[in-house]
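Asks: One structure is given below, represented as structure tokens, and several questions about it will come after.
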Amino acid sequence: MTEQAYSENDPYWGKIAGRYDRYMRRVKYYNAMVGRIAEEVGTAERVLDVATGTGLVALELAARSHMVEAVDLSPQMIGQASEKASHLNLDNVRFSVQSAYDLKFPDGSFDAIVVCNALHVMQRADLALAELKRVLKPGCLLIAPTYCHGQTLVAHIASRLMTLTGFRAYRRFTYTSYILLIKRSGFRVEKLDVWPGAIPLAYVTARLEG
Ligand SMILES: C[S@@+](CC[C@H](N)C(=O)[O-])C[C@H]1O[C@@H](n2cnc3c(N)ncnc32)[C@H](O)[C@@H]1O
């Protein structure tokens, strides 16, 4: 892993790893979003979940029999996820500590990639997207729902207030700036659904030209 990736490991995620699931299950849209991701992954065999956190998405996909690799920069998050996988007796999901900027997978390894609720907390979302492009098979799907902290004044204020808890959105996307980033990273955007709220969600599915 690169020095840059290590230095970016935000201690916030390690501190909240033990209570992350309880918190997320109460966040608006979160459960619906996980269900929708599982539907869209469809019949893809080998799936990568990037910035998996405690594996909420990855474990749902594994329960539906996909072969899942799931990575996160925080060892504490990966610890929680691995513990849940062993309790559930799932052997088709593998969790590892990796940076989205420097993935340890060969080119074209995956039939679908999920990066859920994460690009806005990365300082270099562009580097992450370049890596996702490299490891995704041509013609395959990127599923990338992201909260847009810059979309409205209310979202912007809420985002600033959240910094008091230690949370930091490095990118305060609007729908437009987010779509632009995905397109500039070499993906064809197939769908943008916007889910309104105090911090609105941009649910994006995009395809790598094949
Ligand atoms: C808001 S959580 C999302 C977790 C999960 N995807 C979900 O939807 O529940 C953001 C996660 O991104 C991870 N993360 C931040 N920067 C990263 C990077 N460069 N590479 C891999 N993971 C990263 C954090 O450690 C954290 O677990």
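Asks: Simple spin-label model, 7 Å along Cα-to-Cβ: residue 168 to residue 32 in nm?
Replies: Between residue 168 and residue 32, the simple spin-label model gives 3.2 nm.
Asks: If you don't mind, there's one more thing I want to ask. Place a +1 charge on the Cβ of each Lys and Arg in segment 142-210 and a -1 charge on the Cβ of each Asp and Glu, then give the dipole magnitude about the Cα centre in debye, rounded to the nearest 20.
Replies: Details: 9 positive and 3 negative charges, 43 e Å.
The dipole magnitude comes to about 200 debye.
Asks: Report the percentage of all Cα-Cα pairs in the chain whose separation exceeds 28 Å, rounded to a whole percent.
Replies: Working: 4432 of 21945 pairs.
Cα-Cα pairs in the chain separated by more than 28 Å: 20 percent.
All of the numbers you see were taken from the coordinates with simple rules; none came from a lab. Everything quoted here is computed from the prediction, not taken from an experiment. Every residue, glycine among them, receives a Cβ derived from its backbone with ideal geometry; neighbour counts consider all protein chains shown.
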